[in-house]
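In what follows, a structure is listed as structure tokens, so that the remarks can point back to it.
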Amino acid sequence: MKLLPLAGIVLGAASFLLGIRGEDPSRAWGSYLVNLVFWMGICMGSVTWVAIMNMTNASWGRPLKRLAEAQVATMPFLWILVALLYAGHRSLYIWSTHPVHGKERWLEADFLFGRDLLVIGAMTLVSYFLVHQSVRADEEKLLGGDETSVRLRWRRQILLSPVLGILYGVGMSVLAWDLIMSLDPHWVSTLFGGYYFMGGLYSALAWLAVLSFLFHRREGIQGKIDGSVFHDLGKLLFAFCLVTGDFFYSQFLVIWYGNIPEETKYVILRVKTEPWNSVAWVVLAGAFGIPFVALLSRKLKMSPPLLGATALVVLGGMWLERFLLVVPSVGARGQIPLGWAEVGVAVGFLSLEIMCFGWFMERVPWLPVGDPLFEKRWGSLSGDPLEVGGHLPGSNKGGKVRG
Amino acid sequence: MGIFTSLGQLEEAIPLIQRKGAKVRTVYSPIDCREILQKVGVRKTSPVRFATLLGGLAGLSLGVGFAIYTFLEWKFVTSGKPTPPAVPLVVVGFEMTILFGFLSTLLCMLFLCGLPRLRGSQGYDPRFSKDRFGLLLECDRAQREEIEISLEQAGAEEVRVLRTRETSQ
Amino acid sequence: MKDWQASTPKSYSEVQEVILGALSPPGRSYWGAVILCLFGLLYGASCWAYQILTGMGVAGINHPVNWGIYLVNFVFWVGIAHSGTLISAILYLLRARWRTSIARAAEAMTVFAVMIAGLFPFIHLGRVWIFYWIIPYPNQRDLWPNFQSPLVFDFLAISTYLTVSSMFWYMGMLPDLAALRDQSTGLKRRIYGIFSLGWQGTHIQWRHYGTAYLLFAAFATPLVISVHSVVSWDFALSIVPGWHSTIFAPYFVAGAIHSGLAMVLTLLIPMRGLLGLQPLINVGTLESIAKTMVLTGLIVGYSYGVEYFMAWYSGNMFEWDTFIWRAFGHYAPQFWVMVVCNVAGPLLFLIKAIRTNLIWLFAVGIIVNIGMWYERFVIIVGSMSHEYVPHAWGIYSPSWVELSIMLGSFSMFLFLFLLFCKFVPPVSVFEMKEHLWTHGKA
């Protein structure tokens, strides 16, 4: 079982390498970028959700905390992948071969990648510290450790959460402008950064819903993720469906109405011209339409498999949405570039995430027992961290216990 | 009718009197008492939701339909945009959905609650809006004593007997 | 603060007494304040009558600034309204405990602010007597309003918001009006009886009421976002530099909540003191408001930053010039007041000592109110006075008529709010009792 994600990564890498050696390397780089921005949204967004829940004193979502924090494990790899993206900047970005007047110094490969790596690095570090405090607090609590130390760790999490929140908002905006918006360097939308990071939070929430469905019956969770948690998760997902849809519409309406050619060019390409308009309709249905209608139903929200399925639809829709943002601007196309190569690269990224997630979850307690909000609602649990932690299929039961 | 000082006590009294054969007519409460609805045999969620759905859909179709009608009546073409234009109609539809959904929910709720109510109902005590809970039940004359004792056992502050034409003599 | 902890009501009747006690017959200073506000209102109204009779020329609006402080006030008041609904509807859905004691007053603030906001388009209209042309009804002119226009969106959105907010506020009060009815006698009892619609608190009524209230909150929530987005689109759907920007919708919504929360602080801090509601509206609640203001302040700051960055990045010289002019041109003082008050002001709330101190809370509330008013001024007037063509640039200053009407609007708001405080329960009685119920059986 453990080898499966590894195989997926190899498949992804192979598809990608075959693509860049082929006749149209920009197509391969395009699919690389799509998956990269999709997973960045999910991973950064997941840990930001933890920060948000900490700041708002949300006790309903405590059992989900570890599942959300797990995405921190993928972040260093995302940093590496963005660094590797540098190798493809000539295939992807038109400003690298034809510098844009007025923006030469801003849209210049070294500066751009430098600041982006800085931003991702900062987010990764702060996320790491946040999760580190959280996991340590739980381990200390389970080993019957010092109460003051546990409480100190919570205070540190409270201090780090707003820092991460601000970094996420600003950082993801910069990434959106640099990596996605600059694909068409003459196009500008002030809401683009906001749209990207809200979409990231939305995708992260959907990913969390899928993970909750997959793990809610495992021993490590001890049944704490029950119907009411799914209901709340479903309501939040519904709210973010509306928010992301609203952000999309805000951009769309303003551009449509003003009808200024510099702005409409980007949108018309994606929404009105062949072959992209069909993708646009699928995105509208998958990311907004179907989830909106489905999540109105109380029964659906409380049913883990149905909520999980809706969340999968959301994830599919959002992946296609990122695809639609990126790919039409990467090289001239007559056909939608969605073939086996693209599937391979997508599988590769997904496998990377699964592998990192699995690696992380094997080493940590699955319930945030050291978190005062969890304690307030569910009381204290004690015992061997790995017993509380549960086991993933294929891992050895003994495991390491850090002293 | 039993008058209690706490909802918890009233909640406990219900199964006691139900076992003795009495039926709960009404519970009076100054706070939201939906937790006890199951015990009284009523479902917690209300059919008001259907009015919401219907009203919302009506608002959506009315708003969008009307706007499209006005466009077709008097084509106001600006900078080559299509008539009727779909994009701005989202806003119109959205606002009308909310307005009509809200109003239909409101009217349905008032109707189901029996408001506005012109005459006071039986057994209502002005303290019920302040800090007392009332349990109005219906039973045969023969069981009256037993029921009174049960109510007092459950902690009723006061027990009152009201006579109506419906209860058997 | 500790004294108030000790006197927190511990029983339903205590809760009711504290809240309804606030409605005791008011003293002379209260009536003095009401009459003062009434004078302000009448002064504003008479200035409006003067404007109708004399013509729009008495206002300072002219080419190129066709939208002056009437529209600034319109956006300002709609903005204030939104955080009331945020507190009473959105926080209800999010199950935030701290909302209960302030929801009623916040919702009242919303209703009054929307009413006042709704007046300003009429005031700005000039030929007020033809206002009905915007209502879609079959007419001899064979004309319909243009549903594509953001101004018609505005009409629909504001009237929906007014209807929904006032009904939501009123429905929320039904059980409390019944409580008032039950403890009054004579004429008061009749009046409260009529307004409470005969509410009895039966389990059937609570069943439908509870579900309906949740649905009301669920309807009011998207209104918070959509109404101010629609208002922002009055500007963003144009092609005026500085207005045509996709970020306007979330930017305005965040700004609205920011100014509204500041107004909540400004109103509630005196209110709780003067009406003796300290045991119920504790400093923790006000602190939560302050923390939310840090968030909205940061969003507003982010928006300022993004607009400037994109103005440069776009390479559009008109956009860039407008933004430079905003910071260093004729209206530069207003611009800097805006930035300092809206962004730096709330950052003071990061310090716990400041956000738990009533005087600081009140002061920062006023500061943010001023800053947010100037933000609307800078956006509306600043952009219109400096558009594409240099020889069409022009400066606007409000005339005494406009300023008087603005004074009238503030007086009207205070007037209505003062009346609210004394005739209607300023805190939700039954919800506070439910707090006791869930925090340890009463």
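Any read-out appearing in this document is the output of simple, stated calculations on the displayed coordinates, not a laboratory observation. Being a predicted model, the structure only gives us computed values, none of them experimental. Quick reminder, even Gly has a Cβ in these numbers, built from the backbone with ideal geometry, and neighbours come from all protein chains shown.
What's the Cα-based Rg to Rh of segment A:53-144, Rh via Kirkwood?
On the way: Rg = 19.1 Å, Rh = 16.1 Å.
Rg divided by Rh gives 1.19.
Taking chain A as a Gaussian network, where each spring joins two C-alpha atoms under 10 Å apart, which residue of A:32, A:257, A:93 fluctuates the most?
A:257
For a quick check, take a GNM of chain A with Cα springs below 10 Å and name the residue from A:15, A:303, A:149 with the largest mean-square fluctuation.
For chain A, modelled as a Gaussian network with Cα springs under 10 Å, the answer is A:149.
Classify segment C:369-442 as rounded, prolate or oblate from the Cα gyration tensor: take a ≥ b ≥ c as the square roots of its eigenvalues, call it rounded if a/c is under 1.5, otherwise prolate when a/b beats b/c and oblate if not.
Values: a/c = 7.22, a/b = 2.50, b/c = 2.89.
Oblate, since a/c reaches 1.5 and b/c is not below a/b.
Using only atoms on other chains, find how many Cβ atoms lie within 10 Å of each Cβ of peptide B:122-128 and report the average.
On the way: counts 0, 1, 5, 1, 7, 3, 6.
Mean number of neighbouring Cβ atoms from other chains: 3.
Which value, to two decimals, describes the C-alpha radius of gyration of segment C:295-390 once divided by 2.2 N^0.38 Å?
Details: Rg = 15.2 Å, N = 96, 2.2 N^0.38 = 12.5 Å.
Here the Cα radius of gyration is 1.22 times the empirical estimate.
Amide H to amide H under 5 Å from residue A:60: which residues, 5+ apart in sequence or cross-chain, H placed 1.01 Å off N in plane?
Those qualifying (amide H under 5 Å, at least 5 residues apart or on another chain) number zero.
Determine, at each q value in 0.13 (inverse angstroms), the log₁₀ of I(q)/I(0) that the Debye formula gives when each Cα of chain A is one equal point scatterer.
-1.11
Could you give P(r) for segment B:48-113, binned at 5 Å from zero, as whole percent values over all Cα-Cα pairs?
Reading upward from the zero bin: 4, 20, 21, 18, 12, 10, 7, 5, 3, 1, 0.
Tell me the mean residue ellipticity at 222 nm calculated for the protein assembly as shown from its helices only (DSSP H runs of n ≥ 4, each -39500 (n - 2.57), averaged over every residue, nearest 500). Could the numbers behind the result be given before it?
On the way: 39 runs with 667 residues, N = 1014.
Counting only the DSSP helices, I get -22000 deg cm²/dmol.
Please give the contour-minus-distance gain from residue A:143 to residue A:163: 0.36 nm per residue of separation, less the Cα-Cα distance, rounded to one decimal in nm. Kindly include the intermediate steps, with their values, before the conclusion.
On the way: separation 20, 0.36 × 20 = 7.20 nm, distance 2.96 nm.
Contour length minus Cα-Cα distance gives 4.2 nm.
Along the charge dipole of segment A:202-280, pointing to its positive end and built from +1/-1 on Cβ of Lys, Arg, Asp and Glu, which listed residue (A:213, A:254, A:276) has its Cα farthest out?
A:213
Cα centroids of segment A:122-156 and segment C:297-329: how far apart, whole angstrom?
41 Å
On full extension of the chain, what length is gained from residue A:86 through residue A:14, given 0.36 nm per residue of separation minus the C-alpha to C-alpha distance? Intermediate values should be presented prior to the final figure.
Working: separation 72, 0.36 × 72 = 25.92 nm, distance 1.88 nm.
Here the segment from residue A:86 to residue A:14 would lengthen by 24.0 nm.
Please work out the ratio of the alpha-carbon Rg of chain B to 2.2 N^0.38 Å and round it to two decimals. If you can, show how the numbers build up before the last one.
Working: Rg = 25.5 Å, N = 169, 2.2 N^0.38 = 15.5 Å.
Taking N as the residue count of chain B, the ratio is 1.65.
Taking loop as defined by DSSP and a crowding limit of 11 other beta carbons within 10 Å, which trypsin sites (Lys or Arg not before Pro) in segment B:9-110 fit?
Here the trypsin sites (Lys or Arg not before Pro) that fit, given the DSSP loop and packing criteria, are B:43, B:75.
With springs only between Cα atoms under 10 Å, which of B:88, B:47, B:15 fluctuates most in a Gaussian network model of chain B?
Result: B:88 has the largest fluctuation of those listed.
Using only alpha carbon positions, build the gyration tensor of chain C, then give the equivalent ellipsoid semi-axes as the square roots of 5 times its eigenvalues, largest first, whole angstrom. Intermediate values should be presented prior to the final figure.
On the way: eigenvalues 302, 131, 87 Å².
Over the Cα atoms of chain C, the ellipsoid semi-axes are 39, 26, 21 Å.
Mind checking which of A:171, B:3, A:12 is farthest towards the positive end of the protein assembly as shown's charge dipole, using Cβ charges of +1 (Lys, Arg) and -1 (Asp, Glu) about the Cα centre?
Checked the options; the winner is B:3.
How large is Rg over Rh for segment C:73-174, taking Rg from the Cα atoms and Rh as the Kirkwood inverse mean of 1/r across Cα pairs? Display every interim value, and only then the final one.
Numbers: Rg = 16.3 Å, Rh = 15.1 Å.
A ratio of 1.08.
Determine the dipole magnitude for chain C: charges of +1 sit on the beta-carbon of Lys and Arg, -1 on that of Asp and Glu, nothing else is charged, the reference point is the Cα centre, and the result goes in debye to the nearest 20.
Working: 23 positive and 18 negative charges, 283 e Å.
Charge dipole of chain C: 1360 debye, to the nearest 20.
Could you sort the peptides C:266-278, C:193-205 by per-residue average Cβ neighbour count (10 Å cutoff), highest mean leading?
Working: C:266-278: 18.8, C:193-205: 20.7.
Result, highest mean first: C:193-205, C:266-278.
If you line up the long axis of helix A:340-361 against the longest principal axis of chain A, both from Cα atoms, how many degrees apart are they, to the nearest 10?
20 degrees
Helix B:144-154 sits at what angle to the longest principal axis of chain B, using alpha carbons and giving 0 to 90 degrees rounded to 10?
It is inclined by approximately 70 degrees.
Kyte-Doolittle mean at least 0.0 and Cα extent at least 15 Å along the axis: which DSSP H helices of chain C qualify? Could the numbers behind the result be given before it?
Numbers: long enough: C:28-54 (38 Å, 1.04); C:69-85 (24 Å, 1.27); C:100-125 (39 Å, 1.43); C:150-183 (48 Å, 0.76); C:203-236 (49 Å, 0.69); C:248-274 (39 Å, 1.41); C:283-313 (44 Å, 0.81); C:317-328 (16 Å, 0.22); C:358-384 (39 Å, 1.70); C:400-423 (34 Å, 1.81).
Once both thresholds are applied, what remains is C:28-54, C:69-85, C:100-125, C:150-183, C:203-236, C:248-274, C:283-313, C:317-328, C:358-384, C:400-423.
Evaluated at 4 °C with a viscosity of 1.567 mPa s, what Stokes-Einstein diffusion coefficient in µm²/s does segment A:117-259 have when Rh comes from the Kirkwood expression over alpha-carbon pairs?
Working: Rh = 18.0 Å.
Diffusion coefficient, whole number: 72 µm²/s.
Grab the beta carbon distance between residue A:98 and residue C:391, set R0 = 45 Å, and tell me the FRET efficiency rounded to 0.05.
On the way: r = 36 Å, r/R0 = 0.81.
E(calc), rounded to 0.05, equals 0.80.
Can you divide the C-alpha Rg of the protein assembly as shown by 2.2 N^0.38 Å and report the result to two decimal places? Mind dumping the intermediate values first?
Working: Rg = 30.4 Å, N = 1014, 2.2 N^0.38 = 30.5 Å.
Dividing the Cα Rg of the protein assembly as shown by 2.2 N^0.38 Å gives 1.00.
Hey, how much of the P(r) for segment C:95-143 falls beyond 15 Å, as a percent of Cα pairs? Don't skip to the end; give the middle numbers.
Details: 764 of 1176 pairs.
The answer is 65 percent, as a whole percent.
Just to be sure I understand the model, the point goes 7 Å from the Cα along the line to the Cβ. What's the resulting residue C:354 to residue B:140 distance in nm?
Using points 7 Å along Cα→Cβ, the separation is 7.5 nm.
Hey, got the dipole for segment B:106-153? About the Cα centre, +1 on K and R Cβ, -1 on D and E Cβ, debye to the nearest 20? Could you put the intermediate results ahead of the total?
Working: 7 positive and 8 negative charges, 91 e Å.
Dipole about the Cα centre, nearest 20: 440 debye.
Give me the dipole magnitude in Debye, nearest 20, for the protein assembly as shown about the Cα centre, with unit charges on the beta carbon: positive for Lys and Arg, negative for Asp and Glu.
On the way: 78 positive and 64 negative charges, 435 e Å.
Here the protein assembly as shown has a charge dipole of around 2080 debye.
Please work out the Cα center distance from segment C:245-277 to segment A:13-47, rounded to the nearest Å.
A separation of 44 Å, based on Cα centres.
Among A:109, C:32, C:260, whose Cα lies farthest out toward the positive end of the dipole of the protein assembly as shown, if unit charges sit on the beta carbon of Lys, Arg (+1) and Asp, Glu (-1)?
Value: C:32.
Would you mind pulling out the separation of the Cα centroids of segment C:371-433 and segment C:67-109, in Å?
A separation of 14 Å, based on Cα centres.
Does anyone have the angle between helix A:261-271 and the longest principal axis of chain A? Alpha-carbon axes, 0 to 90°, nearest 10?
70 degrees
Between residue A:336 and residue B:79, what FRET efficiency follows from the Cβ-Cβ distance if R0 is 35 Å, with the result rounded to 0.05? Intermediate results must be reported in sequence, preceding the final value.
Numbers: r = 30 Å, r/R0 = 0.87.
Once the sixth-power term is evaluated, E becomes 0.70.
Which whole number gives the average count of other chain Cβ atoms within 10 Å of the Cβ atoms across peptide C:307-313? Walk me through the numbers on the way to the answer.
Details: counts 1, 1, 7, 8, 2, 3, 11.
If you average over the peptide's residues, the count of other-chain Cβ atoms is 5.
Take the residue pairs A:65/A:235; C:10/C:291; B:39/C:433; A:65/C:433; A:224/B:39 and return only those whose Cα atoms are more than 25 Å apart.
Working: A:65/A:235 17 Å; C:10/C:291 28 Å; B:39/C:433 22 Å; A:65/C:433 33 Å; A:224/B:39 27 Å.
Violating the 25 Å Cα-Cα cut-off are C:10/C:291; A:65/C:433; A:224/B:39.
Roughly how crowded by other chains is peptide C:192-199, in terms of the mean Cβ count from those chains within 10 Å of each of its Cβ atoms?
On the way: counts 0, 3, 1, 1, 4, 7, 10, 6.
Mean inter-chain Cβ contacts per residue within 10 Å come to 4.
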